[in-house]
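Quick notes on the structure that follows.
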Amino acid sequence: MSTLLKIMLLGCLSISAFAEEAKLENIQVATDKPALARGAEDWMNNCHTCHTMKYVKYSDLLSLGIDKAKVDGWRGEASVDTPLIAQMSDADAMATFARVPPDLSLMAQARDGGPNYMYSYLIGYYLKPDGTTGNHIFPETKMPDPLGISSVAGAAQRTEMQNTAKSITSFLTWAADPHTTDRTRLGYYVIGYLIVLSGLLYVVKKQIWSRLK
Amino acid sequence: MSGPIINWIDKRFPLTSFVKHELTDYPTPRNLSYWWNFGFLAGIVLVLQVATGIFLAMHYKADSTLAFDSIQHIMREVNYGWLLRYMHATGASAFFFVIFVHMARTLYYGSFRAPRELLWWTGQGLLLMLMATAFMGYLLPWGQMSFWGATVITNLFKVTPFIGENVVIWLRGDYSVGDDTLTRFFSLHYLFPFLIIGAVIVHLVALHTVKSSNPSGIDLKDKDNIPFHPYFTAKDLYGLGIFLIVYSVFVFFMPNSLIEPANNIPANPMVTPSHIVPEWYFLPFYAILRSVPNMFGGVVAMALSVMMFAFMPFLDRSRIPGGARYRPIYRIQFYLFLLDMLVLGYVGYKPPTNPSIVVVGQVATLCYFASFFVVPFVSKIEERWLIKRGLPAGIMELMEREKRDLENRTQEHRRRKGDLV
Ligand code: HEM
């Protein structure tokens with residue numbers, strides 16, 4: 001039945017080949033704590049005005065190793081177990097953008113393309129001839145260019161901004177599934193264990209079957 | 001088995017004889033290949049699903065205002081909650097994968113033919129229950145795809161003659177999918193796996209009555225049968241190890257590859273996702289549903305497409321043993337059928353906006369049903385042709401033996417009933 005496997009494999013390959021759309025930039029998100037802490041800070045500075053992350057609490061930021069004084073400054077009177085709620089009220093957002101900016105806790109997993117989509121969207125702003133901004137990835141978006149990448153002058157400044165976008169995306173990817181690092185670490189152990197176990201079971205099977213004439 | 005405790009039990013309960021009959025003395029064809037591991041694997045996945053499901057249910061809240069949050073609570077705050085959830089979500093896909101291979105094995109080797117029709121039909125029943133369980137489970141995270149998938153599928157029951165509207169409301173518990181739908185789906189999602197366990201027991205009783213088929217025929221001489229334990233317990237456990245490795249790769253390294261991104265957005269009855277797709281294991285049937293322009297026709301075609309397997313014992317008229325192994329034409333039919341399934345799966349995944357995709361889907365739907373309808377004719381012609389051409393040595397003998405075996409079974413049965421002394 002090896003033909004069967006070949007057919008299935010071929011089918012899978014062709015499906016994934018068709019499903020890909022080229023437009024998005026591919027990035028490698030960071031998973032180390034210092035990078036995530038930087039991303040969290042960038043997020044607090046650039047996105048917190050409008051966006052909520054209701055599944056992420058101030059205490060989660062502390063767990064990334066961000067300075068306690070800094071977190072205390074952000075949360076003010078609120079307890080450390082308060083989620084990150086947008087500074088702008090929903091009513092003000094409705095009045096300004098005609099919609100409430102979406103919660104970003106799970107955003108890195110809520111769009112096709114995941115982190116690549118998010119990153120490409122953030123750096124996808126450009127200046128139109130009439131002076132307004134457009135976006136390559138989400139042309140009709142109501143979000144004003146949050147990083148100001150549409151109006152940067154030099155290549156160096158642009159690279160810096162891309163790095164900010166990347167670190168914010170890394171932070172949001174972490175926020176969407178905070179146990180990713182634990183998960184993959186455990187995964188190596190589990191799979192290593194299973195490989196050894198299967199090897200032993202194979203020997204046992206061979207041994208038992210060798211009793212047959 | 002011996003020892004005072006076992007003795008004590010044996011006087012009151014047939015423990016030793018049961019273990020002997022079903023395991024240590026249970027005759028199993030020695031030539032079973034690894035394709036025969038999948039029934040056992042299905043049983044293990046069933047246990048995994050029940051085990052993880054019960055623990056998830058301790059933290060899950062079946063309330064439309066709390067369900068989505070409670071999933072995030074499990075993913076973030078419950079100790080190893082993420083592991084439970086990813087195991088359960090991946091497990092559903094694993095279950096379908098294993099069952100599909102199990103069915104493909106049965107189709108390939110013709111194991112559905114007499115005397116295994118009831119075994120095959122209980123399997124068909126298991127497939128339907130598995131589909132129902134997975135469908136109801138998918139509503140529970142209360143994401144956009146959960147909500148709209150359930151809306152689309154329950155809406156199909158509108159085509160029930162005369163009482164369609166009422167059936168839909170009865171299923172949903174409301175005019176649209178909402179809190180009442182969620183609570184009843186949760187209740188039933190908890191119930192169904194236990195019905196499946198019951199049905200698996202029936203499936204296994206039937207298996208142990210007719211015994212396993214094998215790659216080269218249906219009946220084997222006694223010397224080719226070996227006890228299930230320890231030979232097949234060892235082989236099954238090794239297969240389980242390999243299966244768990246693949247399963248773990250998905251659970252630990254790519255758990256989100258099987259979860260639609262839109263399901264990470266809370267259900268919103270006001271916003272329809274741009275493209276509603278079911279889980280991968282429903283895609284071929286979903287493609288058939290959409291390929292028929294008329295809704296009633298589509299629903300009938302989809303229901304029929306799942307049920308077509310049940311007709312196989314009637315459709316296949318060939319007496320050549322070993323299924324596709326000695327039947328070149330049936331083998332081609334088998335691979336074409338798999339190919340058609342893949343095409344349908346692809347069509348089901350794509351939005352129906354592209355007219356050429358729609359045409360491909362319609363052709364593939366026709367091929368799907370045609371591949372069943374041609375079986376009676378092709379199998380008979382193929383049998384005649386193969387016999388005329390001359391079967392490999394031993395095959396005719398096998399056929400004779402199978403015929404005698406069937407007669408023996410009938411006699412045995414009548415003896416047991418007391419008709420014959
Ligand atoms: C909950 C799902 C199921 C479980 C746990 C299960 C379990 C098993 C087990 C343990 C065996 C014996 C080992 C083997 O032959 O692989 C078996 C055999 C069989 N199953 Fe299933 N099964 C399930 C679903 C199905 C389905 C969906 C079908 C087909 C519609 C099916 C059809 C058969 C047949 C025909 C056999 C006998 C095949 C042979 O021995 O040659 N089963 N099943």
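The values are calculated or read from the model by the stated rules, or taken from the named source; none is laboratory data. All values reported here derive from a predicted model rather than from experimental measurement. So basically every Cβ, Gly included, is an ideal-geometry build from the backbone, and we count neighbours across all protein chains shown. What goes into the accessible areas is simple: the full protein's heavy atoms, side chains included, and nothing from ligands, DNA or RNA. Shrake-Rupley method; radii C 1.70, N 1.55, O 1.52, S 1.80 Å.
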Among B:414, B:290, B:404, what's the order by accessible area (1.4 angstrom probe), most exposed first?
B:404, B:414, B:290
What aspartates and glutamates could a cross-link reach from residue A:23, if we take a straight Cα to Cα line under 16 Å and drop same-chain neighbours fewer than 8 places away?
A:112
Karplus ³J(HN,Hα) for the stretch B:59-72 (6.51 cos²θ - 1.76 cosθ + 1.60, θ = phi - 60°; Hz, whole; x = Gly/Pro) runs 10, 7, 10, 7, 8, 4, 8, 10, 4, 4, 4, 5, 5, 5
So what J values fall out for the stretch A:119-135 if you push phi through Karplus, 6.51 cos²θ - 1.76 cosθ + 1.60 with θ = phi - 60°, rounded to Hz, Gly and Pro as x?
5, 4, 5, 5, 9, x, 7, 8, 8, 8, x, 7, x, 7, 9, x, 9
Measure nothing fancy, just the Cα-based angle from helix B:395-417's long axis to the longest principal axis of chain B, in degrees from 0 to 90, nearest 10.
80
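For residue B:317 and residue B:54, what does the FRET efficiency come to when R0 = 51 Å and r is the distance between their Cβ atoms, rounded to the nearest 0.05? Don't skip to the end; give the middle numbers.
Working: r = 46 Å, r/R0 = 0.90.
It comes out at approximately 0.65.
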Report residue B:359's accessible area, 1.4 Å probe, all protein chains in place, as a number in Å² to the nearest 10.
80
In the stretch A:180-213, which residues become less accessible by 50 Å² or more once every protein chain is in place, relative to the chain on its own, using a 1.4 Å probe?
A:183, A:186, A:191, A:194, A:198, A:201, A:205, A:208, A:209, A:212
Which ³J(HN,Hα) values, rounded to whole Hz and listed in residue order, are derived for the stretch B:204-216 from phi using the Karplus coefficients 6.51, -1.76 and 1.60 in 6.51 cos²θ - 1.76 cosθ + 1.60 with θ = phi - 60°, glycine and proline given as x?
6, 4, 4, 4, 6, 7, 9, 6, 5, 7, 7, x, 10
Once you sort the root eigenvalues of the Cα gyration tensor of chain B as a ≥ b ≥ c, which label holds: rounded (a/c under 1.5), prolate (a/b larger than b/c) or oblate (the other case)?
oblate
Using a 1.4 angstrom probe and counting only protein chains, how large is the accessible area of residue B:152 in Å², to 10?
40
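Determine, from the Cβ-Cβ distance of residue B:114 and residue A:63 and an R0 of 56 Å, the FRET efficiency 1/(1 + (r/R0)^6), rounded to the nearest 0.05.
On the way: r = 64 Å, r/R0 = 1.14.
Once rounded, the FRET efficiency stands at 0.30.
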Of the listed pairs A:205/B:380; B:350/B:380; A:205/B:20; B:158/B:380; A:142/A:166, those with alpha carbons more than 32 Å apart are A:205/B:380; B:350/B:380; B:158/B:380
Counting each DSSP H run of 4 or more residues in the protein assembly as shown as -39500 (n - 2.57), what helix-only mean residue ellipticity at 222 nm follows after dividing by all residues, to the nearest 500 deg cm²/dmol?
-20000 deg cm²/dmol
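Using the Kirkwood radius over C-alpha pairs as Rh, can you work out the diffusion coefficient of the stretch A:3-178 via Stokes-Einstein at 37 °C, viscosity 0.692 mPa s, in µm² per second? Present the calculation step by step, with values, prior to reporting the outcome.
Details: Rh = 17.9 Å.
It diffuses with D of about 184 µm²/s by this estimate.
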With a 1.4 angstrom probe the carbon and sulfur portion of accessible area for chain A, in percent, totals 59
When you look at the Cβ of every residue in A:98-106, what mean number of other chain Cβ atoms sits within 10 Å?
2
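Using protein heavy atoms only (no ligands, DNA or RNA), what is the total accessible area buried between A and B, 1.4 Å probe, nearest 100 Å²?
Values: alone 14240 and 22460 Å², together 32590 Å².
Chain pair A/B: roughly 4100 Å² of buried accessible area.
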Give the carbon-plus-sulfur fraction of the accessible surface of the stretch B:1-159 in %, rounded to a whole number; probe 1.4 Å, heavy atoms of protein chains only.
72
Helix B:144-155 axis, angle to chain B major axis (alpha carbon atoms, nearest 10°)
70
With point charges of +1 on the Cβ of Lys and Arg and -1 on the Cβ of Asp and Glu, referenced to the Cα centre of the protein assembly as shown, which listed residue (B:56, B:245, B:270) lies farthest in the positive direction of the dipole?
B:245
If I model a spin label at residue A:91 and residue B:369 as a point 7 Å from the Cα along the Cα→Cβ vector, what separation in nanometres do I get?
5.9
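Please work out the average accessible area per residue across chain B, using the 1.4 Å probe convention, and give it in Å². Let's see the in-between values first.
On the way: 20440 Å² over 421 residues.
For chain B, the solvent-accessible area averages 49 Å² per residue.
If I take R0 = 51 Å and measure r between the Cβ atoms of residue A:186 and residue B:387 in this structure, what FRET efficiency does the formula 1/(1 + (r/R0)^6) give, to the nearest 0.05? List each step's numbers first, then the result.
Working: r = 58 Å, r/R0 = 1.14.
The calculated FRET efficiency here is 0.30.
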Counting only residues 5 or more apart in sequence or on a different chain, those whose built amide H sits under 5 Å from that of residue B:317 are B:379, B:380
Sorting A:201, B:46, B:336 on solvent-accessible surface, 1.4 Å probe, most exposed first, gives B:336, A:201, B:46
0 to 90° range, to nearest 10: angle between helix A:33-46 axis and chain A longest Cα axis
30
Aspartates and glutamates whose Cα lies under 15 Å from that of residue A:206, excluding same-chain neighbours fewer than 8 positions away:
B:236
Note: residue B:183 to residue B:295 extended length (0.36 nm per residue) minus current alpha-carbon separation gives 37.5 nm
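Express the accessible area of chain A per residue in Å², computed with a 1.4 Å probe while the remaining protein chains stay in the model.
Working: 12150 Å² over 213 residues.
Heavy-atom SASA per residue in chain A reads 57 Å².
Explain nothing, just the number: dipole magnitude of chain B about its Cα centre with +1 on each Lys and Arg Cβ and -1 on each Asp and Glu Cβ, in debye rounded to the nearest 20. Present the calculation step by step, with values, prior to reporting the outcome.
Numbers: 36 positive and 28 negative charges, 275 e Å.
Roughly 1320 debye, rounded to the nearest 20.
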List the residues, sorted by chain then number, that are 5 or more residues from residue A:54 or on another chain and whose placed amide H is less than 5 Å from its amide H.
A:104, A:105
Taking all protein chains in place and a 1.4 Å probe, what share, in percent, of the accessible surface of the stretch B:278-390 do carbon and sulfur account for?
75
Short version: which residues of the stretch B:332-373 lose at least 50 Å² of accessible area, all chains versus chain alone, 1.4 Å probe?
B:335, B:342, B:346
Under unit Cβ charges (Lys, Arg +1; Asp, Glu -1), what dipole magnitude, rounded to 20 debye, does the protein assembly as shown have relative to its Cα centre?
3040
With all protein chains present, calculate the accessible area of residue A:60 using a 1.4 Å probe and round the result to the nearest 10 Å².
50
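If we sort B:344-351, B:173-180 on the protection proxy, mean other Cβ atoms within 10 Å, highest first, what's the order? Before the final figure, lay out the partial values.
Working: B:344-351: 20.5, B:173-180: 15.2.
Ranked by mean Cβ neighbours within 10 Å, highest first: B:344-351, B:173-180.
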Any aspartates and glutamates whose Cα falls less than 18 Å from that of residue B:403, other than same-chain ones fewer than 8 residues away, would be B:117, B:219, B:222, B:316, B:383, B:412
